[in-house]
Amino acid sequence: MANLARHLPIISIAFILSFPVAAADNFTNVDLAGPSEINVQLGNTNQDLEQRRRYYQTKIDRIRTHHLAVPLQESQVPFSTTKSPNKQKVVAPKEIALSESVLIEKKPSVTELAKMQYRYVSPVAEPSSAVRGKNVLVTFNWGAAWSDDGGLTFSQLDPIALFDNPKAEVGAGFCCDQVAIYSPKHDLMIWLLQGSHNDKGNTIRLLFAKGDDISARKWRVHDFSPGSIGKWEGEWFDYPDIAVNDNHLFISLNSFTIEGSDFRRSAVLRFPLAQLASYAPVKVGAFSSDAQEDFSPRFSQGSQGRMYWAAHRNTATIVVRSWDDAAAQPDRRRLVDVERWTRPDDETVKGSEGPNKRPWLGRVDGRITAGWAAHDTIGFAWTSGKIAPSDSTASYKFPHIRVAILDRAKLNEDGSSTLKPIAQPHLWSGNFAMAYPAAAPNTAGDIGLALFFGGPKHYPSSAVGVLRKENADWRSMLTLLSTGSNTPRCLRTEGVDDTCGVWGDYLGVRPDPNVKNGWYVAAHIATDKYTGKGQKAESPKVEIVFAPFRARDADNLPSAAIVNAASPGKSQ
């Protein structure tokens with residue numbers, strides 16, 4: 001879970017007072033013994049609903065304290081005077097296949113097919129998914145679902161039970177964040193689950209299965225904690241990201257103190273995929289930094305021999321680190337100056353409320369949530385607040401998506417000079433806000449996108465799209481994935497989550513191993529329609545959808561003019 005800092009001023013002040021004066025990088029190797037085995041059972045987690053509802057109510061209370069961020073320094077460089085030409089529409093998908101630049105193959109409702117109780121699916125759903133053949137794993141706060149037939153049907157999985165059998169030695173059982181990914185090269189599916197912390201810390205449970213064990217749901221388990229990885233006693237892990245390259249699994253985590261929830265470090269862990277796939281003991285490389293500029297790193301999906309990750313130094317500079325497969329530890333660090341942006345806060349998200357005048361971006365912050373590696377470029381994206389108009393500033397009416405595309409060769413150079421992006425095709429609209437971007441490349445070098453959007457005429461909804469280079473310009477077009485019909489509400493009656501106006505915290509786009517040039521994503525919307533002042537102010541029903549999508553064939557891509565032209569389909 002990621003930043004209620006702006007809603008929790010005491011925590012924010014604590015961060016400022018307790019942040020390390022002298023930042024330091026550290027590296028160590030950690031040996032994990034051979035994994036234990038666990039059979040993941042399909043079952044109805046709706047049993048004993050009242051007990052489960054009480055459990056989730058304790059978890060949403062925990063989420064409030066998990067949503068922590070380090071204050072980001074505001075740059076004083078001028079804002080850009082040039083507005084990004086990458087203005088967005090969200091176009092309704094047409095019935096004729098491939099009539100637009102993006103085709104959504106299908107979008108089954110995971111929660112409906114799995115017969116899940118909507119009331120304990122959080123608006124902070126953080127959905128993730130992994131696909132191998134017809135096996136589909138979808139995870140979210142606080143559940144998971146499994147399909148053996150490519151998404152035609154889904155059955156429930158129970159993360160609570162998975163954390164209790166075998167019981168994790170550290171922490172207080174399952175908490176919240178989950179992330180899933182599949183490595184085609186190693187035929188390995190990976191599922192990370194974050195545990196709740198107690199006075200000993202918390203456990204990160206890593207489930208993984210290879211080949212036929214995936215369809216048999218016969219998984220292996222590695223558990224680790226701040227104490228076991230770095231001897232970081234009195235700390236707990238939060239906000240995971242994962243990625244795979246040719247030979248390694250990478251996991252990033254933030255670590256906070258148990259007492260006071262003060263930021264202590266961010267960690268990047270590297271696991272050899274061959275060792276995981278052979279169910280052998282694993283040697284983990286553990287890099288950590290207590291510097292604010294390394295807080296909450298995000299990986300470049302699609303990396304091959306070198307993994308890249310980035311974080312913000314301030315609102316005009318990002319720090320990009322990388323780790324070559326052949327190197328014992330991270331071996332490159334470069335600063336990149338980007339166009340200045342604004343931190344999302346109560347003032348800079350104002351105006352993005354839904355049609356019912358209620359907020360949905362009460363939780364958003366500016367940390368990087370998307371990264372990708374495609375051919376000779378590396379890209380990262382994040383959410384910016386709106387930028388007010390002035391005589392010398394390119395203004396943006398709503399929160400929007402900042403994009404920085406970098407020259408891979410320059411990042412790989414062993415130098416200390418500050419770099420600049422080769423392109424910054426920010427995604428924006430004059431009609432709605434956009435937030436929480438996710439991205440991944442396909443084999444053609446196109447970037448699959450997913451994000452949430454909403455505003456005065458739109459309840460929080462999800463869209464997918466493609467970002468590609470057309471001649472000298474980078475352009476994108478978004479296609480509607482799922483339409484929301486409500487905002488997160490503020491009082492709890494029957495529901496679980498009563499945190500006002502929150503959504504997020506991330507999405508996960510993955511390359512589809514079954515479809516050339518395709519991707520897949522899981523997303524969420526609120527499905528119960530807003531009916532006015534008389535409506536109960538309980539948590540909305542939250543629906544999880546799973547959607548494979550793809551671009552046109554690489555030999556028949558539409559031109560930039562067509563991609564960004566008004567569509568005959570209904571636009572959002």
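The values are calculated or read from the model by the stated rules, or taken from the named source; none is laboratory data. Being a predicted model, the structure only gives us computed values, none of them experimental. Note that we place each Cβ from the backbone using ideal geometry, even for glycine, and neighbour counts take in every protein chain shown. In case anyone asks, the SASA skips ligands and DNA or RNA and just uses the protein heavy atoms, side chains included. Shrake-Rupley method; radii C 1.70, N 1.55, O 1.52, S 1.80 Å.
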Rounded, prolate or oblate: which fits segment 277-401, taking a ≥ b ≥ c as square roots of the Cα gyration tensor eigenvalues, rounded meaning a/c under 1.5, else prolate when a/b beats b/c?
prolate
Karplus 3J(HN,Hα) series, Hz, for segment 176-185 with 6.51 cos²θ - 1.76 cosθ + 1.60 (x for Gly, Pro):
6, 4, 9, 9, 10, 7, 10, 9, x, 4
For segment 216-348, with the dipole built from +1 on Lys and Arg beta-carbon atoms and -1 on Asp and Glu ones, taken about the Cα centre, which of L335, Y308, T257 lies farthest toward the positive end?
Y308
Please report the carbon-and-sulfur percent of the accessible area for segment 370-465; probe 1.4 Å, protein heavy atoms only, DNA, RNA and ligands left out.
49
To the nearest Å², the heavy-atom accessible area per residue of segment 181-254 with 1.4 Å probe amounts to 27
Can you give me the distance in nm between label points at L335 and D148, each placed 7 Å from the Cα along the Cα-to-Cβ direction?
5.7
Based on the Cβ-Cβ distance from K529 to D346, what FRET efficiency comes out when R0 is 22 Å, to the nearest 0.05?
0.25
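Gain in length, E74 to D376, computed as 0.36 nm per residue apart minus the alpha-carbon separation, to one decimal in nm?
Result: 105.6 nm gained on full extension.
Classify segment 166-269: rounded, prolate or oblate, from the alpha-carbon gyration tensor (a ≥ b ≥ c, eigenvalue square roots; a/c under 1.5 rounded; otherwise prolate if a/b is larger than b/c)?
Prolate, because a/c is 1.5 or more and a/b exceeds b/c.
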Mind grabbing the base-10 log of I(q)/I(0) for segment 236-293 at q = 0.17, 0.31 Å⁻¹? Debye formula, identical points on the C-alpha positions, no solvent, two decimal places.
-0.61, -1.21
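To the nearest 0.05, what FRET efficiency results for E413 and T81 with a Förster distance of 41 Å applied to their C-beta separation?
So, using R0 = 41 Å, E works out to roughly 0.85.
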In a shell of Cβ-Cβ distance under 12 Å around S147, excluding S147 itself, what net charge do Lys and Arg (+1) and Asp and Glu (-1) give?
+2
For K107, the aspartates and glutamates lying under 15 Å Cα to Cα, once residues fewer than eight places off in the same chain are dropped, come out as E95, D149, D512, E543
Loop-only check: which trypsin sites (Lys or Arg not before Pro) in segment 334-374 are DSSP coil with at most 12 other Cβ within 10 angstrom?
K357
Which order, highest average first, do 140-147, 466-473 follow once you tally other Cβ atoms within 10 Å for each residue and take the mean per peptide?
140-147, 466-473
From a point 7 Å beyond the Cα of A327 in the direction of its Cβ, which residues of segment 280-317 have a backbone N at a distance under 12 Å?
306-309
For an R0 of 56 angstrom, estimate the FRET efficiency from the Cβ-Cβ distance between E233 and T443 and round to the nearest 0.05.
0.80
Which of rounded, prolate or oblate describes segment 351-447 when judged by the alpha-carbon gyration tensor and an a/c cut-off of 1.5?
prolate
